[in-house]
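Everything on this sheet refers to the single structure shown next.
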Amino acid sequence: MHFPPLATAVTLDLPDWLNDELADVPDEIPAVADRVALVNRLADRNWREGGGGPFAALVAERATGRIVSVGVNVVLASNISLGHAEVTAIGTAQARLGTWDLGGAGLPEHELVVNWRPCVQCYGAAMWSGITSLVLAGHGSECEDLTTFDEGPMIDTWVEAFEQRGISVTLDVAKPEAVRVFEAYRDAVAAGGAVVYNARQA
Ligand SMILES: [Zn+2]
């Protein structure tokens, strides 16, 4: 070898506790509000378990609410900055269905549900995934204000940009519950019990 061994895969493993957390969750969750409640619940447990930030997502069939995948933020556990909840939910949905396009021919329409609006990375990841619906527990400055996570330079017209590409956006389905997760996280960070992992930290 003339160069050091190179990694040959990018692996974003989801945590084992998800199996326990999902044990009583039905295969189909028909109501959008109930799908949002699940991502809020997973986001809260995720930071408490220590594998990543207070973020969770799922991909569901839009018409039936059949759960195709769930994802949580695994940046700390994986040491990979790509490991946001949207990315792990989209990736595991695509792996399960065997397609890079969740909007491909012959497939039902798919929805991405997240506990807050996307960062700059996930804005693109969601846009290229093939979903036709994006549902958010909340959006606005509360996430950055409470958690100090940096969403990056999102454009002001991000909702319109999704909708121009055939992706409907539903905002603020359960904002108070989403904010409560961030408040608990903020208190834990202040007490030294949780990590904020923004890049380029001073
Ligand atoms: Zn993100």
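Residues in the stretch 94-119 that are away from the ligand (no atom under 16 Å from the Cβ) and buried (at least 21 other Cβ atoms within 10 Å of the Cβ): Leu102, His110, Glu111. Only one entry of Pro54, Pro30 meets the criterion of being more than 20 Å from Cys122 (Cα to Cα) and of a type outside the set (A, V, I, L, M), and that entry is Pro30. Filtering the stretch 36-68 to residues that are over 8 Å from the mean Cα position of the chain (by Cα), within 16 Å of the ligand (Cβ to nearest atom) and open to solvent by 10 Å² or more (accessible area, probe 1.4 Å) leaves Trp47, Gly51. Counting only residues that are among the hydrophobic types (A, V, I, L, M, F, W, C), away from the ligand (no atom under 11 Å from the Cβ) and either in a loop (DSSP other than H, G, I, E, B) or modelled with pLDDT under 95 (or both), the stretch 149-160 holds 1 of them.
Kindly list the number of the only condition in (1) surrounded by 20 or more Cβ atoms within 10 Å (Cβ to Cβ); (2) within 14 Å of the ligand (Cβ to nearest atom) that fails for Gly124. Answer for Gly124: the failing condition is (1).
Which of the following residues is over 18 Å from the mean Cα position of the chain (by Cα) and in a helix (DSSP H, G or I): Ala184, Ala194?
On the way: Ala194 fails: in a helix (DSSP H, G or I).
The match here is Ala184.
If you go through the stretch 135-148 one residue at a time, do you hit one that is touching a helix residue (DSSP H, G or I) at 6+ places or on another chain (Cβ under 6 Å), assigned to a helix (DSSP H, G or I) and away from the ligand (no atom under 15 Å from the Cβ)? Looking through the stretch 135-148, at least one residue is touching a helix residue (DSSP H, G or I) at 6+ places or on another chain (Cβ under 6 Å), assigned to a helix (DSSP H, G or I) and away from the ligand (no atom under 15 Å from the Cβ).
The values are calculated or read from the model by the stated rules, or taken from the named source; none is laboratory data. Note that the coordinates shown come from a computational prediction; the quantities given were computed from them, not determined experimentally. FYI the Cβ positions are ideal-geometry reconstructions off the backbone, even for glycines, and counts take in every protein chain you see. The accessibility values were calculated without ligands, DNA or RNA, using every heavy atom of the protein model including side chains. Shrake-Rupley method; radii C 1.70, N 1.55, O 1.52, S 1.80 Å.
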